[in-house]
Amino acid sequence: EDQVTQSPEALRLQEGESSSLNCSYTVSGLRGLFWYRQDPGKGPEFLFTLYSAGEEKEKERLKATLTKKESFLHITAPKPEDSATYLCAVQSFSGGYNKLIFGAGTRLAVHP
Amino acid sequence: NAGVTQTPKFQVLKTGQSMTLQCAQDMNHNSMYWYRQDPGMGLRLIYYSASEGTTDKGEVPNGYNVSRLNKREFSLRLESAAPSQTSVYFCASTHRGHTTYEQYFGPGTRLTVT
């Protein structure tokens, strides 16, 4: 069964304290792995897509990496505005359509 | 360019009432989706439309119906609302390139069924 697990569920950081969020997955035929940011009361905002093991993508203080079993979202020197829930999803082709399977998310709080 | 828009933003229904959630996108995307998001769970797919004129069930379709009105609009209908349908509903549309796949979400509709 296709599954996505994110850890930790919640993370509290001090401003400037770098850390990583984990997304582990089991899926038959990975077509892509996605990272989203979600602010309270808003829809998920697309951040990155990774397609193959070894691929890395960066955006400001965020860097996403992918292996065959998991992805990491590294946050370097975070600021309070990075506080949000970060969602991971994997794309697979199953049941006749492309579908995204989402993890439950990691709630990140960055304190000044 | 508004992206994906949803109406209403909030709604309270009584058990048994019906309503339609509206979604529109202005990015000329072929595929559109409806998800629900519940605390502690990932987004779950309710229905999707791969292209204008087609709709198919996702993971949790029971109690819902959809209409792909045209390329821009995709609506979700609750015929007889139940408390278990209290959730936040998100519409999304997908850009599919030769080597890329990007899904964009609307702001959500927060539905409470009492």
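Just to verify a number: what accessible area does A:Ser28 come out at with the full protein assembly present, 1.4 Å probe, Å² rounded to tens?
Counting only protein heavy atoms, A:Ser28 exposes about 80 Å² to solvent.
Counting only other chains, what is the mean number of Cβ atoms within 10 angstrom of the Cβ of each residue in peptide B:94-107?
The shielding value for this peptide is 4.
At a probe of 1.4 Å, how much accessible area disappears from chains A and B on forming the pair, both sides counted, to the nearest 100 Å²?
Buried surface at the A/B interface: approximately 1500 Å².
What average number of partner chain Cβ atoms lie no more than 10 Å from the Cβ of the residues making up A:29-42?
If you average over the peptide's residues, the count of other-chain Cβ atoms is 2.
Along the positive direction of the dipole of chain B (beta-carbon charges: Lys, Arg +1; Asp, Glu -1; about the Cα centre), which of B:Thr99, B:Tyr33, B:Thr112 reaches farthest?
Positive-most Cα among the choices belongs to B:Thr112.
Would you check the accessible area of A:Ile101, probe 1.4 Å, heavy atoms only, in square angstrom rounded to 10?
Its heavy atoms expose roughly 30 Å² to the probe.
Can you sort B:Met41, B:Met32 by solvent-accessible area, 1.4 Å probe, largest first?
Ranking B:Met41, B:Met32 by accessible area, largest first, yields B:Met41, B:Met32.
Rank these by accessible area, largest first, 1.4 Å probe: A:Lys59, A:Lys68, A:Lys99.
Largest accessible area first, the list is A:Lys68, A:Lys59, A:Lys99.
For A:Phe93, B:Phe105, A:Phe72, B:Phe90, give me the order by solvent-accessible area with a 1.4 Å probe, most accessible first, ignoring ligands, DNA and RNA.
So the residues, ranked largest to smallest area, are A:Phe93, A:Phe72, B:Phe105, B:Phe90.
Pick from A:Gly41, A:Gly16, A:Gly54: which is most flexible by mean-square fluctuation in a GNM of chain A where alpha carbon atoms under 10 Å apart are linked?
Among A:Gly41, A:Gly16, A:Gly54, the largest GNM mean-square fluctuation belongs to A:Gly41.
Between B:Leu69 and A:Tyr51, what is the spin-label point distance in nm, taking each point 7 Å from the Cα along the Cα→C-beta axis?
If labels sit at B:Leu69 and A:Tyr51, their model points lie 3.5 nm apart.
In region A:57-112, which GluC sites (Glu not before Pro) fall in coil by DSSP and have 15 or fewer other Cβ atoms within 10 Å?
Counting only loop positions with at most 15 other Cβ atoms within 10 Å, the GluC sites (Glu not before Pro) in region A:57-112 are A:Glu60.
Using a 1.4 Å probe on the protein chains only, how many percent of the accessible area of region A:1-109 belongs to carbon and sulfur?
46
Grab the other residues whose beta carbon is less than 14 angstrom from that of A:Glu60, score K and R as +1, D and E as -1, and report the net.
That works out to +2.
Given the protein chains as shown and a 1.4 Å probe, how many square angstrom of A:His74 are accessible, to the nearest 10?
60
Tell me, how many Å apart are the Cα centres for region B:10-28 and for region A:66-97?
If we compute the Cα centre of each part, the gap is 28 Å.
The values are calculated or read from the model by the stated rules, or taken from the named source; none is laboratory data. Please read all numbers here as calculations on a predicted model, not as lab measurements. Note that we place each Cβ from the backbone using ideal geometry, even for glycine, and neighbour counts take in every protein chain shown. What goes into the accessible areas is simple: the full protein's heavy atoms, side chains included, and nothing from ligands, DNA or RNA. Shrake-Rupley method; radii C 1.70, N 1.55, O 1.52, S 1.80 Å.
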